[in-house]
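J.: Pasting a structure here, questions to come.
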Amino acid sequence: MSSVYLYAILSGAPSCETGSGVCAEPLRTVAFGGLVALVGDVTQLPPASAMTLRAQDAVLRRLAAALDAVLPVRYGTLLADDAALAEALESRRPQLAEALRRVAGCEQMTLRLWGDAPAVTPPAAAPTEAGPGTRYLTGRLEAQARAGHVPELAPLRAGLGDLVREERAERHDRPPLLATVQHLVPRGAGSRYVETVHAVRDELRPWRVSVTGPWLPYAFGEDAA
Amino acid sequence: MSARRPPLEVRELDSLRAELERQAALASTPRWNASPEDVQRSVARLVLTLVEFVRQLLERQALRRLEGGTLSSEETEAVGVALMRLEETVDDLAARFGLERHELNLDLGPLGRLL
């Protein structure tokens, strides 16, 4: 018995052939409530691996060239049938439409921050005489505020200016990998982005950055909203 | 474009690999299945996942109230100690059953993960 494998949400029906998917199955589009889903009918999905992820990426990149927006879905999203697909889309329709608008005409650049230690941040605001419970909660509050904050990149942000439409940052703080930052930039702006990063590299010391991309907007889907 | 990108160092690649493996483990959260060979561990995983879910809800609420200034000093201390001890208890019980933190989660299919 086959299942419906959801690859992506598209901004419209592609003008080119949809081609075949990771299981060599023919791909098709399903329109529902203003959304267009790219799906394939599969009996069994290969486990996630570098090879299968690249294969899925290649499928989506080919279609992205013919569309304004492609919103990739997490690898392995299987649904029982088209009715289950319609139900899943309906439950998230506003969020998916918003995510499509967000990534339209854009691609993703990925920046990794490296170093021996993160930037020193001011100590938590808990009073020195505070008990363990207060220190615990204050520490959590500080960690929460710090989670998406990468002050080490301040010189770069100034240089990138309006090139960056949106940012998603995740701190790791496991040296040497300190943070991963995803930037949504206009399609075709990747070279300018890399040149800008290169230009401010010295200002970022003692931290180092590496850039990969352009990618499809994997970090800017509905889950990331 | 790639010619201007300096190569990564070996230790940076090792660090990146470790992070990707950690994320892959998070992404492959299994659905809950009671294994006949290891029922106690399976039940413990489910129960601890639900306790952790509730703990995180309570913590978020406490942080919202702390930010909003609607907790007195005494309340902040009491709630903080309670949440801290609950977290320690979850960690302790998880360790007893050989469970890692990332295993305390449930894949809810199209709805995503519980935690």
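Readers should treat all values here as calculations from the given coordinates under stated rules, not as data from a laboratory. All values reported here derive from a predicted model rather than from experimental measurement. Every residue, glycine among them, receives a Cβ derived from its backbone with ideal geometry; neighbour counts consider all protein chains shown.
J.: Mind giving me the nanometre distance, one decimal, between the label points for B:Glu67 and B:Glu88, set 7 Å out from Cα along Cα→Cβ?
T.: Here the answer is 2.8 nm between the modelled labels.
J.: Over what distance in Å are the Cα centres of the range A:130-169 and the range B:50-70 separated?
T.: 20 Å
J.: Related question: Would you calculate the separation in nanometres between label points at A:Glu17 and A:Ala31, each defined as 7 Å from the Cα along the Cα-to-beta-carbon direction?
T.: Rounded to a tenth, the inter-label distance reads 2.3 nm.
J.: Between A:Arg157 and A:Thr43, how high is the FRET efficiency from 1/(1 + (r/R0)^6) when r is the Cβ-Cβ distance and R₀ = 45 Å? Nearest 0.05.
T.: Once rounded, the FRET efficiency stands at 0.40.
J.: Let me ask you something else. May I ask you to derive the relative contact order of the range A:47-204, considering only C-alpha pairs under 8 Å and at least 6 residues apart, and to give it as an integer percent?
T.: Averaging sequence separation for qualifying contacts and normalising by length gives 25 percent for the range A:47-204.
J.: If you filter the range A:4-105 for GluC sites (Glu not before Pro), then keep DSSP loop positions with at most 11 other Cβ within 10 Å, what is left?
T.: A:Glu17
J.: What is the dipole size for the protein assembly as shown, taken about its Cα centre, with +1 at each Lys and Arg Cβ and -1 at each Asp and Glu Cβ, in debye to the nearest 20? Write out the running numbers ahead of the final one.
T.: On the way: 39 positive and 45 negative charges, 147 e Å.
Here the protein assembly as shown has a charge dipole of around 700 debye.
J.: Applying 1/(1 + (r/R0)^6) with R0 = 56 Å to the Cβ-Cβ distance of A:Arg93 and A:Asp173, what FRET efficiency is obtained, to the nearest 0.05?
T.: Values: r = 37 Å, r/R0 = 0.66.
Plugging the Cβ-Cβ distance into 1/(1 + (r/R0)^6) gives 0.95.
J.: Hey, could you get me the Stokes-Einstein D for chain A, Kirkwood radius over alpha-carbon pairs, 25 °C and 0.890 mPa s, rounded to whole µm² s⁻¹?
T.: The Stokes-Einstein estimate is 124 µm²/s.
J.: Enumerate the residues in the range B:41-83 having an amide nitrogen under 18 Å from the point lying 7 Å beyond the Cα of B:Phe97 toward its Cβ.
T.: Taking a point 7 Å out along Cα→Cβ of B:Phe97, the residues of the range B:41-83 whose backbone N falls under 18 Å are B:41-56.
J.: On to the next question. Starting with the highest mean, order A:160-169, A:56-65 by the number of other Cβ atoms within 10 Å, averaged over the residues of each peptide.
T.: Numbers: A:160-169: 15.3, A:56-65: 17.2.
Order by mean packing, descending: A:56-65, A:160-169.
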